[in-house]
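The values are calculated or read from the model by the stated rules, or taken from the named source; none is laboratory data. Every value quoted in this text rests on a predicted model; they were computed, and no experiment measured them. Virtual Cβ from ideal backbone geometry, glycine too; neighbours counted across all protein chains shown.
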2 protein chains.
Amino acid sequence: MRPLPEPARETLTLAPVLHALGDPVRLELVRRAWADPGSTCSALADGLDVPMSTLSNHWRIMREAGVISMAVDGRHRRIRLRGDDLSRRFPGLLDPILRLAEAEPQHGAPSPGRPSISENVR
Amino acid sequence: MRPLPEPARETLTLAPVLHALGDPVRLELVRRAWADPGSTCSALADGLDVPMSTLSNHWRIMREAGVISMAVDGRHRRIRLRGDDLSRRFPGLLDPILRLAEAEPQHGAPSPGRPSISENVR
């Protein structure tokens, strides 16, 4: 696997990390990546009604902020939440966010009949 | 004082709150608003090298996300961090963010020779 460039842990700053998490689709992708380490971009985005180019942009924003690692694995790109780096750099930040994201109605969770990003969002 | 419209606590969602906090200037304004409740927009923005129109936009984003309350007080606009609402709606979220923001080098920290409100901020 070939890892894509990412910022070193000690260079991470808070605002870009919050920005990377401050979008419903990105928050859902992070939640899924946390639950399913090493999964592929396409598997993690399954059922989200988001254009591929938008998804690529989301992954890039999260990688550049230091939230995820991305590695090229043949035709796939594998994602890993940088939980360890984030917890060391920003103690106490990630856990409540993941917990709160988990507790909210999920963005893009497929609903019966028609997968939609907005149907189950209050 | 005339309060400007803001979302009710029970309608707040996580992603817009993280987005509102996910900008270095907004994070610094929130940090200052937390330290100085009821202060005015202009006092809180003192020393930040940001155009007025950009600042207005920052305040609006934070108000609409539910991060701050804003009230018109004569010619001033007074800001209050919605700490109570945020803590009840998103337990465990705000404290680490404020603590981490406090610990980071501040956006808008003055350069030598130029007086600023943030002189005594790390």
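General remarks:
- Here A:I79 meets each of (1) surrounded by 21 or more Cβ atoms within 10 Å (Cβ to Cβ); (2) within 14 Å of chain B (Cβ to nearest Cβ) with one exception, condition (2).
- Flag for A:D84 being exposed (fewer than 15 other Cβ atoms within 10 Å of the Cβ), at pLDDT 95 or above and assigned to a loop (DSSP other than H, G, I, E, B): no
- Positions within region B:87-105 being within 11 Å of chain A (Cβ to nearest Cβ) and either buried (at least 16 other Cβ atoms within 10 Å of the Cβ) or in contact (Cβ under 8 Å) with a residue 60 or more places away in the chain (or both), in sequence order: B:R89, B:F90, B:L93, B:L94, B:P96, B:I97, B:L98, B:L100, B:A101, B:E102, B:E104
- Qualifying residue in region A:7-16 (condition: surrounded by fewer than 17 Cβ atoms within 10 Å (Cβ to Cβ), part of a helix (DSSP H, G or I) and of a type in the set (A, V, I, L, M)): no
- Residue list for region A:1-36, restricted to those being without any contact (Cβ under 8 Å) to a residue 12 or more places away in the chain, among the hydrophobic types (A, V, I, L, M, F, W, C) and touching a helix residue (DSSP H, G or I) at 6+ places or on another chain (Cβ under 8 Å): A:A15, A:L18
- Of the residues making up region B:33-57, those that are surrounded by fewer than 22 Cβ atoms within 10 Å (Cβ to Cβ) and part of a helix (DSSP H, G or I) number 11.
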